[in-house]
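The values are calculated or read from the model by the stated rules, or taken from the named source; none is laboratory data. No experiment lies behind these values; they were computed from the predicted model shown. Ideal geometry is used to build each Cβ from the backbone, glycine not excepted, and the neighbour counts take in all protein chains shown.
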Amino acid sequence: MDLILAVFLEDWLVTLDMLLFFILGLFVHFVFFGSIFDIYFTSPLVHGMTPQFTPLPPPAKRLVLFVADGLRADTLYELDENGNSRAPFIRNIIMHEGSWGLSHTRVPTESRPGHVALIAGFYEDVSAVAKGWKENPVEFDSLINESKYTWSWGSPDILTMFAKGAYGDHVFTYTYDADSEDFGAHDVTKLDTWVFDKVKEFFHAARNNQSLFSKLNEEKIVFFLHLLGIDTNGHAHRPSSREYKDNIKLVDAGMKEMVSILEHFYGNDGKTAFIFTSDHGMTDWGSHGAGHPSETLTPFVTWGAGIKYPQKVSAQKFDDAFLKEWRLESWKRQDIHQADIAPLMASLIGVPFPLNSVGILPVDYLNNTDLFKAESMFTNAIQILEQFKVKMTQKKEVTLPFLFIPFKLLPESKQLNIVRKARSYIKQRKYDEAVSLCKELIHLALKGLSYYHTYDRFFLAINVVLGFLGWTSYAFLLIIKSHFNLTRGVNKEVKKPSHLLSCSCIAIGVFVAFFLLLQDCPWTYYIYCLLPVPIWYAVLREFQVIQDFVTLLLTVPPSYFVGYLLVFILGIEILVLSFFYRYMLTAGLLAFAGWPFITQLWTRAKSISLSWIFFSLLLAAFPLMPVVGRKPDIFLVMGAGLLVLLLSLCVLTSLIKRKDSFINEELLLHLFQMLSVVLSMCVTYSTHSSLRKKQGLPLLNQIISWLILAFSLVLPLLSPTSLFERLFSILLSLMSTYILLSTGYEALFPLVLSCLMFVWIQVEQETLQQRGISCKQKVTSVRFTCSTDITQFRQLYLDDVRRAFFLVFFLVTAFFGTGNIASVNSFDLASVYCFLTVFSPFMMGALMMWKILIPFVLVMCAFEAVQLTTQLSSKSLFLMVLVISDIMALHFFFLVKDYGSWLDIGTSISHYVIVMSMTIVLVFLNGLAHLLTTKKLRLCGKPKSHLI
Ligand SMILES: [Zn+2]
Ligand SMILES: [Zn+2]
């Protein structure tokens, strides 16, 4: 009785220990995850600058900004099949009235960042990622805010963004209702005609409204017309469509009317400046967000007060062939960056440059005196220098004086020098020199801004990496420790850690905290910097284990050691690279195929080695194929089903041969499972053909599909627990579901994967025998059992590290074998058509999740068998997987992207999350696999027995 209690207590303590470790691990990983938002995704904006404006009268009283959302430059400028322009009004402006060029946008090419660059003059900061893309994640100043009055018409998503940031009551927005479903549903050009109609009404009403009339005659006012039709048409019909091009015509005609109404209203006073551009372009297939030229090249046309007239030139130097294509060779093209538009607009109507603007005034567009140009450029330089100064002061304030490293290229003396020199140039009327000097100052200040923005990055990254390394070493030490405990027995007295260590750790902790306190750091910094201290304390406390491990290492020949280390590093790198290039999985699988030749496996077991090589090569083909979901191919799905049936026939006959007393019940179960595979093939085929005929999903098919899904989870539990029979039963069940969820070649994937897994189990058995470990039983006679006998666990070998690596590799293959993260995000609806056709995100998501999980479950079930036959303790296994995945996570920590399209940024974050959560997913999957392989249900009225 005492013995039982003792065992129970020890068991309980071990679980408690593991639970503590688990909670601690979760916390540490949450901190590591959160750290990227403090390191990479911080707002570059600063506040506290004084507004800067040019002390000369501006050329225009008012500005009209047309933004045609999602308009590509080439579709606007090029001539159609008949040699006519799609936008005759705009072309006429280019040839007779104003200036033109391309506006180069930055990624992400989305509406929000595009408009922020246009109107506020800075490139949307990625901290928006952390704040969920809500309106105004950060406070910023804009042209609209600086204007006296702004009237804007268009989409609520864009207009409210600038109205909310503005102070006072000087921004008026007119938006259509975003929620009214049918608005523009049939004809999205309504989105544009709505804007034009409202503007017409507005000016008509202004004639009879005295207060509005006087407001309209003020200076420094802005009209902003946001035209969403082209973007919506592009998404729906692609930019090459009739709809997209006709929408351009409509916008062109609408603008012509708007301009004439305005000019008429103001009596052609010549005090209106016009700007026409778009926020981003669009790819040929109707998307935007990334950095393809079709997305980043947008049109820019401007005319009216203060803008240069067309300049005839004989030759223009550009790398592209656009000018010739568009037949605009003889009209001077001036390209600008998107953020430069904001200072241009500000200088046209004489308002201060938006405070956070990093745009550089394109002086070549201005039709004004050289004095005005030089003064405006000077204002621009001072305005950007202000931001630099504020940013530097902020950093200096929170850094200890002896630790502060200023930006070397622009010390205070140099700033003063350049500013003074530029002033004197202007006085001496050397305007060109003044302009180029100001440009130099701007470039230096911008460099300095990004220097101070990433100032803390290095310091924080070092701390996080220290924590990461400490944590990984700790997990590694736990493996080593359990290994030594097993070899040496637990009885060996444990040395108490010295007081010196704990005291010095506390001292370091206090010192770090004090250091952070002095620098006035945010509270999150304390976590990042203090976390490594206890972690490293825990590591160093195990000094004895480290010492033992080093002595053990010294007994190994160095060439061996270096060789193993190199292979390990190579393996990890292949895994990391496979997240970016799926074909790296192929490379890894090819290496797997060559593996039997290195070991003695080839000489000992030829047939097993041959099948291992064959299936490795077969599986290696999958990552080379295109991502699933492009083209449905129902015949491949049928082929996969037939192969499953063929395989099960073979297995069935061999089973009958081997066992003379093949129980009827089991035979029946096998046949039933085969029947369900046949059924799912029929359902898939008939559903797809009926959908092709547009007859919808037959109800019977839907019922059968759900039944198969439900049975697939129960049927394996009825099969005998002998290793191969149970695994085969699981495969049959999962395959019948997978076929229902497949649309193409991916149906073959789990089949090939599990064949390789079957061989893997036998290979591992062989390798264990090579080591001279006598195996009590043959693989065929092994049974899955629920209770694990602790005495069976043995000490660890290097082979176990390889096993853990194989497991991680197969899991990654199960995930990326038929797709990538992007295809998981935008999953193909066609694959759930057998289950439902009504749009229901939750159900569809759950079904897709199950489809992704099926290969994982197959791998884990096979691994359960490997664990059983090789008597590997699952605790050490999880620790090994933890070490591997954390080393990978460290890679992805450095690969997090804070630039590029939202998709790039999001993908880099999800890579990081995936590898960090790998261990947790593994625990869950292991539980599921354990349940699937060991539980046994009985039919025929017998009570549900727990296990055999
Ligand atoms: Zn847009
Ligand atoms: Zn769009």
Those residues of region 29-73 which are more than 30 Å from the chain's Cα centre (by Cα) and either within 16 Å of ligand 1 (Cβ to nearest atom) or acidic (Asp, Glu) (or both), in sequence order: Leu65, Phe66
Is it true that Gly83 is at positive phi and within 16 Å of ligand 1 (Cβ to nearest atom)? no
Taking region 516-537 and the residues there that are farther than 14 Å from Phe32 by Cβ and touching a residue at least 60 places away in the same chain (Cβ under 8 Å), the one that is nearest to the chain's Cα centre (by Cα) would be Tyr525
Failed criterion for Thr193 (all others in (1) of a type in the set (Val, Ile, Thr); (2) under 30 Å from Pro352 (Cβ atoms); (3) more than 16 Å from ligand 2 (Cβ to nearest atom) hold): (2)
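I need the full set of residues from region 32-78 which are at pLDDT below 90 and aliphatic (A, V, I, L, M), in order please. Before you say what the answer is, go through the steps one by one.
Within region 32-78, the subset at pLDDT below 90 is 32-55.
Residues satisfying the conditions are Ile36, Ile39, Leu45, Val46, Met49.
The rows are residues; the columns are (1) farther than 23 Å from Leu732 by Cβ; (2) in contact with a helix residue (DSSP H, G or I) (Cβ under 6 Å, 6 or more places away or on another chain); (3) at pLDDT 80 or above; (4) among the small types (Gly, Ala, Ser).
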{"position": "Phe893", "(1), (2), (3), (4)": "yes, no, yes, no"}
{"position": "Lys897", "(1), (2), (3), (4)": "yes, yes, yes, no"}
{"position": "Ser901", "(1), (2), (3), (4)": "yes, no, no, yes"}
{"position": "Leu925", "(1), (2), (3), (4)": "no, yes, yes, no"}
{"position": "Lys935", "(1), (2), (3), (4)": "no, yes, no, no"}
So Ile275 clears everything in (1) under 42 Å from the mean Cα position of the chain (by Cα); (2) assigned to a helix (DSSP H, G or I) except one condition, right? Which one? (2)
Residues that are surrounded by 22 or more Cβ atoms within 10 Å (Cβ to Cβ) and over 30 Å from Ser831 (Cα atoms): does region 853-865 have at least one? yes
Checking the structure you have, find out if any residue of region 259-279 is within 15 Å of ligand 2 (Cβ to nearest atom) and either buried (at least 16 other Cβ atoms within 10 Å of the Cβ) or under 21 Å from Trp100 (Cβ atoms) (or both). yes
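If we keep just the residues of region 61-97 that are assigned to a loop (DSSP other than H, G, I, E, B) and buried (at least 23 other Cβ atoms within 10 Å of the Cβ), which is farthest from ligand 2 (Cβ to nearest atom)? Reasoning before the result, please.
Within region 61-97, the first condition is being assigned to a loop (DSSP other than H, G, I, E, B), and the residues that meet it are 61, 69-72, 78, 80-84, 86-87, 97.
Now drop any that are not buried (at least 23 other Cβ atoms within 10 Å of the Cβ), which leaves 69-72, 87.
Numbers: Asp69: 7, Gly70: 5, Leu71: 11, Arg72: 12, Ala87: 20 Å.
The qualifying residue farthest from ligand 2 (Cβ to nearest atom) is Ala87.
Restricting attention to region 98-115, report how many residues are aliphatic (A, V, I, L, M) and within 15 Å of ligand 2 (Cβ to nearest atom). Even if it seems obvious, please write down each step before you answer.
Within region 98-115, the subset aliphatic (A, V, I, L, M) is 102, 107.
If we keep only those that are within 15 Å of ligand 2 (Cβ to nearest atom) as well, we get 107.
So the count comes out to 1.
Would you be able to tell me the number of residues in region 419-428 that are without any contact (Cβ under 8 Å) to a residue 24 or more places away in the chain and not hydroxyl-bearing (Ser, Thr, Tyr)?
Total satisfying the criteria: 4.
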Testing Thr193 on (1) surrounded by 14 or more Cβ atoms within 10 Å (Cβ to Cβ); (2) within 27 Å of Leu348 (Cα to Cα); (3) away from ligand 1 (no atom under 16 Å from the Cβ); (4) hydroxyl-bearing (Ser, Thr, Tyr), one condition comes back false. Which one is that? (2)
Subset of region 694-711 [surrounded by fewer than 24 Cβ atoms within 10 Å (Cβ to Cβ) and of a type in the set (Gly, Ala, Ser)]: Gly696, Ala710
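Given the structure, is Ile479 part of a helix (DSSP H, G or I), modelled with pLDDT of 95 or more and surrounded by 17 or more Cβ atoms within 10 Å (Cβ to Cβ)?
Numbers: part of a helix (DSSP H, G or I): yes; modelled with pLDDT of 95 or more: no; surrounded by 17 or more Cβ atoms within 10 Å (Cβ to Cβ): yes.
Answer is no for this residue.
Limited to region 371-425, what total is found for residues that are of a type in the set (Ser, Thr, Tyr) and surrounded by 17 or more Cβ atoms within 10 Å (Cβ to Cβ)?
4
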Check Ala591, Ala587 and return the single one that is out of contact with any His (no Cβ under 8 Å at 6 or more places or on another chain), buried (at least 17 other Cβ atoms within 10 Å of the Cβ) and assigned to a helix (DSSP H, G or I). Ala591
Within 16 Å of ligand 2 (Cβ to nearest atom), among the β-branched types (Val, Ile, Thr) and crowded, with 20+ Cβ neighbours inside 10 Å - does that describe any residue in region 202-224? no
Quickly run through region 279-317 and pick out the residues that are of a type outside the set (Lys, Arg), under 30 Å from Leu56 (Cα atoms) and in a loop (DSSP other than H, G, I, E, B). Ala305, Gly306, Tyr309, Pro310, Gln311
Residues that are more than 41 Å from the chain's Cα centre (by Cα) and either modelled with pLDDT of 95 or more or more than 24 Å from Asn82 (Cβ to Cβ) (or both), drawn from region 311-332: Gln311, Lys312, Val313, Ser314, Ala315
Output for Cβ contacts, cut-off 9 Å, separation at least six or different chains, first residue closer than 14 Å to Arg62 by Cβ in region 131-150, second of a type in the set (D, E, K, R) and modelled with pLDDT under 80, reads none
Which numbered condition in (1) within 23 Å of Leu63 (Cα to Cα); (2) within 16 Å of ligand 1 (Cβ to nearest atom); (3) part of a helix (DSSP H, G or I) is the only one that Phe224 fails? (3)
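Restricting the search to region 259-272, which residues are part of a helix (DSSP H, G or I) and polar (S, T, N, Q)?
Applying the first criterion (part of a helix (DSSP H, G or I)) to region 259-272 yields 259-265.
Of everything in region 259-272, just one residue is part of a helix (DSSP H, G or I) and polar (S, T, N, Q), namely Ser260.
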Region 276-288 residues that are more than 11 Å from Pro239 (Cα to Cα), paired with ones that are within 13 Å of ligand 2 (Cβ to nearest atom) and of a type in the set (Gly, Ala, Ser) (beta carbon under 6 Å, 6 or more apart): Ser278/Ala68; Asp279/Ser111; Asp279/Gly114; His280/Gly114
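On the basis of being modelled with pLDDT of 95 or more and in a helix (DSSP H, G or I), does Asp340 make the cut? Walk me through how you get there before you give the answer.
On the way: modelled with pLDDT of 95 or more: yes; in a helix (DSSP H, G or I): yes.
Criteria met by Asp340.
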Of the residues that sit in region 227-272 and are of a type in the set (Lys, Arg) and away from ligand 1 (no atom under 16 Å from the Cβ), which one is farthest from the chain's Cα centre (by Cα)? Lys271
All but one of (1) out of contact with any Leu (no Cβ under 7 Å at 6 or more places or on another chain); (2) within 16 Å of ligand 1 (Cβ to nearest atom); (3) part of a loop (DSSP other than H, G, I, E, B) hold for Glu218; state the number of the condition that does not hold. (2)
